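Reviewing the structure listed below.
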Amino acid sequence: MAVNGRYFVQFRRRREGKTDYYQRQRLIVSGKNRMVIRKTNRHIIIQLVAAAMEGDYTLVQVNSKDLVNYGYKGYLGNTPAAYLSGLLFAVRAKNAGYEEAIADIGLQVASAGARVFAAVKGAVEAGFDVPVGEEILPDDDRCSGKTIAEYDENSKDLAANVEAVKAAIMKELK
């Protein structure tokens, strides 16, 4: 620790590398709810979060584990699972009365075709208003699982399974 009186200790979450407060401030000042997308090694987690002075409130939440209830048989951390999770998120958010949000990907790298943008693409295709450029979204073959089926013998029926789950999710839209 420094002994100088001008030394400033950063916030704990900044020191741990968990929060970019400059980005968070810009998202909160917009006044819109945030579509928070987080990926783990095995799952995709999407939440609709509203900021308040007391703290953040989670309004709608989807985990890729929820896709198993709709008959999804693939891996829950890949691009098709992220796309279907975004689709399910949008359906639940619209049924709860929310129409728009801003994508919050946190500290994840914003590369074209990433899993976080597959989730955004699913939400946009379900009718949820999220401002995003078309050039950063993954193509339809990656979202439907066709590219995985090309190189994996065990995933030959993944594209058909993704379409079946997509139809089941869209049935819930009121």
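Any read-out appearing in this document is the output of simple, stated calculations on the displayed coordinates, not a laboratory observation. Keep in mind the model is a prediction, meaning the values are calculated, not measured. Cβ coordinates were reconstructed from backbone atoms using ideal geometry, including for glycine residues, and neighbour counts include every protein chain displayed.
For Cys143, the conditions (1) surrounded by fewer than 22 Cβ atoms within 10 Å (Cβ to Cβ); (2) touching a helix residue (DSSP H, G or I) at 6+ places or on another chain (Cβ under 9 Å) are fulfilled apart from (1). Checked against (1) out of contact with any Pro (no Cβ under 8 Å at 6 or more places or on another chain); (2) surrounded by 20 or more Cβ atoms within 10 Å (Cβ to Cβ), Thr79 passes all but a single condition, namely (1).
Please enumerate the residues belonging to segment 88-114 that are surrounded by fewer than 24 Cβ atoms within 10 Å (Cβ to Cβ) and closer than 20 Å to Ile169 by Cβ.
We begin by selecting, within segment 88-114, every residue surrounded by fewer than 24 Cβ atoms within 10 Å (Cβ to Cβ); these are 91-92, 94-100, 102-114.
Answer for segment 88-114, where residues must be surrounded by fewer than 24 Cβ atoms within 10 Å (Cβ to Cβ) and closer than 20 Å to Ile169 by Cβ: Val91, Arg92, Lys94, Asn95, Ala96, Gly97, Tyr98, Glu99, Glu100, Ala103.
Checking each residue in segment 69-84 for being of a type in the set (Ser, Thr, Tyr) and assigned to a helix (DSSP H, G or I) picks out Tyr70, Thr79, Tyr83.
Take the conditions (1) more than 26 Å from Asp20 (Cα to Cα); (2) under 13 Å from the mean Cα position of the chain (by Cα); Gly97 misses just one of them, which is (2).
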